[in-house]
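The values are calculated or read from the model by the stated rules, or taken from the named source; none is laboratory data. The model shown is predicted, which means the values in this text are computed figures rather than measured ones. Please note: Cβ atoms are built from the backbone with ideal geometry, for glycine as well, and neighbour counts cover all protein chains shown.
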Amino acid sequence: SQQGEEDPQALSIQEGENATMNCSYKTSINNLQWYRQNSGRGLVHLILIRSNEREKHSGRLRVTLDTSKKSSSLLITASRAADTASYFCATEGRMDSSYKLIFGSGTRLLVRP
Amino acid sequence: DTGVSQDPRHKITKRGQNVTFRCDPISEHNRLYWYRQTLGQGPEFLTYFQNEAQLEKSRLLSDRFSAERPKGSFSTLEIQRTEQGDSAMYLCASSLRDYGNNEQFFGPGTRLTVL
């Protein structure tokens, strides 16, 4: 079963606006990762934040992590039509020797031109 | 292009038939994962290899499923006696575990449709 929930399930914004999506998880983690998936295609890794980090930036992406609330957020600034995709958070469990990823249910982002 | 390849990209089969999928990971990666993704959901873990050893299997992996990674290179996932509930996207990922980092690189997936 999946680790947690993502919110919102779907988001529609105008090009140039910012998009924020949230992720909650259930267990202690080593790190949390965000992936993007375009329609019918494979997953692309966007950013990884370790459990001892609170915020991380990569280009137009900003990720925050609050381990006390077991939640994370992904902010995409100045969105583009090409950002239209599904976004998934995935956690690596602290006690998990396989380092497998447990994914959320995803947020479907539509950026209107 | 992540470097992980999967074959075939699409497979349509009739219920009760056996199917086999192949995954070629990034060559230096020692860890290989299989996930399954159904429509509108995130991927779910199926099984994990470190080199040639299969070290973990999910409860999702019934006895009709078997996976191998001979010589620690490519991997195959076989589903015997397919059922309609097996219809999904099967994703393969590989990684090279580094201290504090486990970015997994995903292949394009094999979409299975069981009629």
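Per-structure values
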quantity: Residue in segment B:85-99 that is of a type in the set (D, E), free of Cβ contacts under 8 Å to residues at least 24 places away in the same chain and within 9 Å of chain A (Cβ to nearest Cβ) present; calculated: no
quantity: Scan of segment A:90-101 for residues that are among the aliphatic types (A, V, I, L, M) and either more than 7 Å from chain B (Cβ to nearest Cβ) or farther than 15 Å from B:T47 by Cα (or both), ordered by number; calculated: A:A90, A:M95
quantity: Among residues of segment B:24-60, those that are farther than 15 Å from B:E103 by Cα, crowded, with 21+ Cβ neighbours inside 10 Å and more than 10 Å from chain A (Cβ to nearest Cβ), counted; calculated: 1
quantity: Residue in segment B:12-23 that is within 14 Å of chain A (Cβ to nearest Cβ) and part of a loop (DSSP other than H, G, I, E, B) present; calculated: no
quantity: Residue match in segment B:81-95 (condition: of a type in the set (A, V, I, L, M), closer than 15 Å to A:H45 by Cβ, buried (at least 22 other Cβ atoms within 10 Å of the Cβ) and in contact with a strand residue (DSSP E or B) (Cβ under 6 Å, 6 or more places away or on another chain)); calculated: yes
quantity: Hits in segment B:70-106 - residues which are within 27 Å of B:G16 (Cβ to Cβ) and either among the β-branched types (V, I, T) or part of a loop (DSSP other than H, G, I, E, B) (or both); calculated: B:F74, B:T76, B:I79, B:Q80, B:R81, B:T82, B:E83, B:S87
quantity: Members of segment A:34-61 found to be among the charged types (D, E, K, R), at pLDDT 95 or above and in a strand (DSSP E or B), listed by number; calculated: A:R36, A:E55, A:K56
quantity: Residues (more than 10 Å from chain B (Cβ to nearest Cβ) and closer than 13 Å to A:S71 by Cα) located in segment A:34-55; calculated: A:W34, A:I49, A:E53, A:R54, A:E55
quantity: Count - residues of segment B:42-69 that are touching a Ser or Thr at 6+ places or on another chain (Cβ under 6 Å), more than 20 Å from A:E92 (Cα to Cα) and assigned to a strand (DSSP E or B); calculated: 2
